[in-house]
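Here is the structure we will look at.
The values are calculated or read from the model by the stated rules, or taken from the named source; none is laboratory data. What you are looking at is a predicted structure, and each value in this text was computed from that prediction instead of being measured. Note: ideal-geometry Cβ built from the backbone for every residue, glycine included; neighbour counts use all protein chains shown.
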Amino acid sequence: MSKQFILDSSELSQWHTLVLEAEQDYGVHLDEAMQSYLVFTLMRFAKNNQLNTQALALDYLTAHQLPSSLRSEQLRDIGDQCLLVSGLFPQTVVKRQVSVSYYVDLGRAAYQHIGDVTQQGIATLYQQLAESFVLLMDLLQTIRQYSMPALQPVTAYELWSKTGSRAAQQQISVSGTPVHEYLLNNINKH
């Protein structure tokens with residue numbers, strides 16, 4: 001898949017252009033709030049070397065002991081990290097022997113909790129993030145595909161069967177090996 005060079009020098013414009021290209025390639029259009037949230041999340045974590053280096057489930061449990069303002073901030077970070085890891089770095093999840101769908105569930109729960117306890121305006125955004133988590137993950141996987149496949153066939157199959165991820169389903173069909181054949185061959189090797 002050939003992408004045009006992003007010539008705009010601002011980091012914001014580069015991320016925005018990349019998200020727009022992924023939307024076009026994936027065949028969806030995010031509303032402005034979701035698009036902006038995704039762009040700013042990418043910017044915020046772009047230089048973070050600590051992404052997926054700690055147990056997010058423990059952070060999730062610890063966050064519930066914090067005062068409400070700190071809790072929402074911590075849960076936002078957890079949801080964002082789950083989104084970025086499941087979308088851009090799913091191979092790191094597999095190396096940790098956890099399923100990508102686990103990160104989907106954890107990220108959705110973090111966003112949903114914020115949506116349930118915050119004031120109405122921001123609550124709507126976080127509820128929408130929880131509901132659209134798989135779509136946003138699929139857009140990030142579309143971006144990942146620009147440089148390399150995001151998922152191995154078995155991981156793609158697991159993610160598709162548990163979350164309905166359209167990007168995972170497309171990756172299964174593109175891999176050329178029927179999933180059931182791939183599963184049988186790899187199960188017999190172990």
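Within the stretch 31-47, being over 17 Å from Leu84 (Cα atoms), of a type in the set (Gly, Ala, Ser) and free of Cβ contacts under 8 Å to residues at least 40 places away in the same chain holds for no residue.
Selection of the stretch 4-30 for residues being modelled with pLDDT under 95 and farther than 17 Å from Gly87 by Cβ yields Gln4, Phe5, Ile6, Leu7, Asp8, Ser9, Ser10, Glu11, Leu12, Ser13, Gln14, Thr17.
Each residue in the stretch 37-87 was checked for being in contact with a helix residue (DSSP H, G or I) (Cβ under 8 Å, 6 or more places away or on another chain), at pLDDT below 90 and polar (S, T, N, Q), and 2 pass. The residue of the stretch 107-145 that is farthest from Ala22 (Cα to Cα), among those that are among the aliphatic types (A, V, I, L, M), buried (at least 20 other Cβ atoms within 10 Å of the Cβ) and free of Cβ contacts under 8 Å to residues at least 60 places away in the same chain, is Ile114.
Annotation: Lys162 fulfils all but one of (1) of a type outside the set (A, V, I, L, M); (2) surrounded by fewer than 17 Cβ atoms within 10 Å (Cβ to Cβ); (3) in contact with a Leu (Cβ under 8 Å, 6 or more places away or on another chain); the unmet one is (3).
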